[in-house]
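The values are calculated or read from the model by the stated rules, or taken from the named source; none is laboratory data. These figures come from a predicted structure and were not determined experimentally. Virtual Cβ from ideal backbone geometry, glycine too; neighbours counted across all protein chains shown.
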Ligand SMILES: [Zn+2]
């Protein structure tokens with residue numbers, strides 16, 4: 001077809017009357033978008049009007065706002081989707097609500113040999129650890145295994161402990177802990193870190209590929225409903241890689257996904273050969289423009305502060321004004337981390353590091369520095385996620401080393417877990433170093449954003465609200481948490497669109513421009529309007545991924 005013909009061919013979809021925020025470099029606005037196939041073919045009311053034909057779907061949305069499709073730079077879609085299909089405790093209000101839901105689920109699913117799920121919050125139990133007796137009372141006959149909201153521990157019943165042969169005589173694994181009764185020494189039903197993961201790997205039924213596919217689609221549906229059209233999966237296993245690949249082949253994967261292959265911390269550099277194979281065999285792009293790109297490697301360098309596994313430079317406080325001798329855990333020891341990042345960088349992988357404590361963040365930056373020294377500059381866009389405690393002298397290193405700050409902004413608020421389980425053990429000085437997104441912005445760092453769903457809500461609008469206000473959207477009267485670290489709305493929106501697209505090497509997405517992939521979300525109000533109300537109260541009305549409407553409210 002001639003170029004002229006291509007220009008005048010009608011659009012498949014046009015959105016008019018809305019305020020269109022493009023996330024381009026100038027952060028410019030327009031008032032209409034036209035989509036043909038998987039591409040944006042025109043912007044601006046006059047140009048768009050020319051492309052309306054008899055079969056064009058016209059969405060006239062006065063008062064609405066159009067943004068590029070959100071991209072979540074750190075999310076666990078298949079795992080979260082799987083939990084959505086199992087015992088989903090995330091939205092429930094504490095111990096009794098959990099137990100009622102678990103009892104109901106067990107009664108509704110009499111054929112499931114295991115009762116599995118997750119999402120309970122540590123703050124709902126004394127000392128952060130639930131007990132098996134509670135579960136025994138509602139499910140006495142079948143094993144129960146429930147991951148906590150943070151995925152750093154599990155709650156199990158007596159039947160599950162029995163099946164795993166865990167008794168008072170079982171030693172703790174090197175990378176975790178079996179919670180024990182201080183008087184009797186018996187396991188109480190809480191398994192921390194490695195103790196929970198090895199339990200899961202060894203004893204829980206292995207999901208089939210069909211189950212992983214179903215879980216991934218369930219997760220994708222949830223994310224599309226929130227305006228999300230792409231993400232980085234922060235924990236791809238061989239099983240979920242297969243699920244992504246086959247969903248891509250069947251055209252059911254409508255998002256653009258970068259997969260971060262999971263670094264096994266019990267092994268060393270030898271596993272890199274397997275990543276090369278997975279990168280080769282796992283890549284799959286669908287004709288619709290979506291696709292799966294397993295080009296990143298996720299290294300979990302430490303744990304979390306709530307159970308003292310986050311790696312700190314100075315020891316944890318004891319909660320009573322003194323210090324312990326515990327500095328937390330480095331899951332990948334400093335020199336090995338540097339060697340791993342250097343080798344992965346040399347082979348063209350992006351490295352996606354989990355770092356919570358200030359020692360973990362520093363080791364991660366040092367590792368990228370080692371890679372730069374050995375290999376010279378690269379465009380792999382290595383990133384560090386979470387960034388809970390960052391020493392001031394490390395902030396500027398993100399820009400210097402070209403490391404993207406991958407923020408989970410929802411965590412930067414004062415909530416019970418922070419108040420009861422973090423601050424007393426961190427101490428006042430370090431408490432002020434938490435989630436320094438404002439400082440990172442001022443230092444010139446590139447910021448991407450993600451939810452870590454199902455750890456926290458996947459809703460980017462709620463996430464962005466916290467980035468902007470540093471206040472819990474469920475308790476908006478609360479005082480802001482370190483308000484000098486808040487981000488302007490424009491910056492937070494750009495981080496959740498263009499910033500995450502940058503980290504995903506998605507030059508075709510993350511902003512709206514003619515010729516780019518048509519990934520966009522229609523929000524029910526202009527978030528910048530004076531009358532918009534709280535950001536997290538806004539709703540996504542329509543989501544378009546690669547030109548296809550994938551969600552409509
Ligand atoms: Zn995560």
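Condition test on residue 150, is it away from the ligand (no atom under 16 Å from the Cβ) and either surrounded by fewer than 21 Cβ atoms within 10 Å (Cβ to Cβ) or within 26 Å of residue 332 (Cβ to Cβ) (or both)? Steps first, please.
Numbers: away from the ligand (no atom under 16 Å from the Cβ): no; either surrounded by fewer than 21 Cβ atoms within 10 Å (Cβ to Cβ) or within 26 Å of residue 332 (Cβ to Cβ) (or both): yes.
It is false that residue 150 is away from the ligand (no atom under 16 Å from the Cβ) and either surrounded by fewer than 21 Cβ atoms within 10 Å (Cβ to Cβ) or within 26 Å of residue 332 (Cβ to Cβ) (or both).
Taking only pairs six or more apart or across chains, which ones have beta-carbon atoms under 6 Å, a first residue in the stretch 108-134 that is under 24 Å from residue 85 (Cα atoms), and a second residue that is at pLDDT 95 or above and in a loop (DSSP other than H, G, I, E, B)?
Short answer, once both residue conditions are applied: 114/143; 115/139; 115/142; 116/86; 117/86; 119/89; 120/89; 132/157.
Looking at 255, 260, 243, 284, which one is within 16 Å of the ligand (Cβ to nearest atom) and under 21 Å from residue 74 (Cα atoms)? It would help to see each step written out before you state the result.
Details: 255 fails: within 16 Å of the ligand (Cβ to nearest atom); 243 fails: within 16 Å of the ligand (Cβ to nearest atom); 284 fails: within 16 Å of the ligand (Cβ to nearest atom).
Just one listed residue meets the conditions, 260.
Out of the residues in the stretch 121-140 meeting the condition of being out of contact with any helix residue (DSSP H, G or I) (no Cβ under 6 Å at 6 or more places or on another chain) and modelled with pLDDT under 95, tell me which one is surrounded by the most Cβ atoms within 10 Å (Cβ to Cβ).
121
Quick check on residue 315: is it without any contact (Cβ under 8 Å) to a residue 24 or more places away in the chain and either within 16 Å of the ligand (Cβ to nearest atom) or surrounded by fewer than 22 Cβ atoms within 10 Å (Cβ to Cβ) (or both)? Don't jump to the end; show me each part of the working.
Working: without any contact (Cβ under 8 Å) to a residue 24 or more places away in the chain: yes; either within 16 Å of the ligand (Cβ to nearest atom) or surrounded by fewer than 22 Cβ atoms within 10 Å (Cβ to Cβ) (or both): yes.
Against the criterion (without any contact (Cβ under 8 Å) to a residue 24 or more places away in the chain and either within 16 Å of the ligand (Cβ to nearest atom) or surrounded by fewer than 22 Cβ atoms within 10 Å (Cβ to Cβ) (or both)), residue 315 qualifies.
How many residues are assigned to a strand (DSSP E or B) and farther than 10 Å from residue 494 by Cβ when one looks only at the stretch 13-28? I'd like the intermediate steps shown before the answer.
As a first pass, look at the stretch 13-28 and keep what is assigned to a strand (DSSP E or B): 13-21.
Going one step further and asking which of them are farther than 10 Å from residue 494 by Cβ, we end up with 13-20.
The number of residues fulfilling the criteria is 8.
Take the residues in the stretch 349-369 that are within 16 Å of the ligand (Cβ to nearest atom) and in a loop (DSSP other than H, G, I, E, B); name whichever of them is surrounded by the fewest Cβ atoms within 10 Å (Cβ to Cβ).
Within the stretch 349-369, the match that is surrounded by the fewest Cβ atoms within 10 Å (Cβ to Cβ) is 356.
Quick one: residue 549 ticks every box in (1) closer than 28 Å to residue 252 by Cβ; (2) surrounded by 24 or more Cβ atoms within 10 Å (Cβ to Cβ) bar one, so which box is it?
Just one mismatch for residue 549, condition (2).
Hey, could you check the stretch 416-433 for residues that are without any contact (Cβ under 8 Å) to a residue 60 or more places away in the chain and in contact with a helix residue (DSSP H, G or I) (Cβ under 8 Å, 6 or more places away or on another chain) and say which is nearest to residue 499 (Cα to Cα)? Spell out the reasoning first.
To start, the set of residues in the stretch 416-433 that are without any contact (Cβ under 8 Å) to a residue 60 or more places away in the chain comprises 419, 423, 428-429, 431-432.
Going one step further and asking which of them are in contact with a helix residue (DSSP H, G or I) (Cβ under 8 Å, 6 or more places away or on another chain), we end up with 423, 431.
Values: 423: 30, 431: 27 Å.
Ranking the qualifying residues of the stretch 416-433, first place goes to 431.
Against the condition within 20 Å of the chain's Cα centre (by Cα), in a loop (DSSP other than H, G, I, E, B) and within 16 Å of the ligand (Cβ to nearest atom), how does residue 500 come out, does it pass? Spell out the reasoning first.
Working: within 20 Å of the chain's Cα centre (by Cα): yes; in a loop (DSSP other than H, G, I, E, B): no; within 16 Å of the ligand (Cβ to nearest atom): yes.
So residue 500 does not fit the description; no.
If I ask for residues that are assigned to a helix (DSSP H, G or I) and at pLDDT 95 or above, which ones from the stretch 279-315 would you list? Give the derivation first.
Let us first name the residues in the stretch 279-315 that are assigned to a helix (DSSP H, G or I), namely 279-282, 305-307.
Those that are assigned to a helix (DSSP H, G or I) and at pLDDT 95 or above: none in the stretch 279-315.
Please specify each residue of the stretch 432-489 satisfying the condition of being within 16 Å of the ligand (Cβ to nearest atom) and surrounded by fewer than 22 Cβ atoms within 10 Å (Cβ to Cβ).
Within the stretch 432-489, 456, 457 qualify.
In this structure, is residue 170 assigned to a strand (DSSP E or B) and either more than 23 Å from residue 91 (Cα to Cα) or touching a residue at least 60 places away in the same chain (Cβ under 8 Å) (or both)?
Details: assigned to a strand (DSSP E or B): no; either more than 23 Å from residue 91 (Cα to Cα) or touching a residue at least 60 places away in the same chain (Cβ under 8 Å) (or both): yes.
No; evaluated as a whole, the condition is false for this residue.
With 199, 203 as the choices, which residue is more than 16 Å from the ligand (Cβ to nearest atom) and crowded, with 22+ Cβ neighbours inside 10 Å? Explain how you work it out, then say what you get.
Numbers: 203 fails: crowded, with 22+ Cβ neighbours inside 10 Å.
None of the others qualify; the one that does is 199.
Yes/no per residue for (1) part of a loop (DSSP other than H, G, I, E, B); (2) over 24 Å from residue 26 (Cα atoms):
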| site | (1), (2) |
| --- | --- |
| 421 | no, yes |
| 425 | no, yes |
| 463 | no, no |
| 474 | yes, yes |
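Could you tell me which of the residues 54, 78, 62 is within 16 Å of the ligand (Cβ to nearest atom), at pLDDT 95 or above and either more than 25 Å from the chain's Cα centre (by Cα) or assigned to a helix (DSSP H, G or I) (or both)? Walk me through it before giving the result.
Values: 54 fails: within 16 Å of the ligand (Cβ to nearest atom); 62 fails: within 16 Å of the ligand (Cβ to nearest atom).
The unique qualifying residue is 78.
Select from the stretch 370-415 the residues that are more than 16 Å from the ligand (Cβ to nearest atom), free of Cβ contacts under 8 Å to residues at least 60 places away in the same chain, touching a strand residue (DSSP E or B) at 6+ places or on another chain (Cβ under 7 Å) and not in a helix (DSSP H, G or I) and list them in ascending order.
380, 382, 403 - these are the residues of the stretch 370-415 that are more than 16 Å from the ligand (Cβ to nearest atom), free of Cβ contacts under 8 Å to residues at least 60 places away in the same chain, touching a strand residue (DSSP E or B) at 6+ places or on another chain (Cβ under 7 Å) and not in a helix (DSSP H, G or I).
Of the conditions (1) closer than 21 Å to residue 539 by Cα; (2) in contact with a helix residue (DSSP H, G or I) (Cβ under 7 Å, 6 or more places away or on another chain), residue 469 satisfies every one except a single condition; which number is it?
(2)
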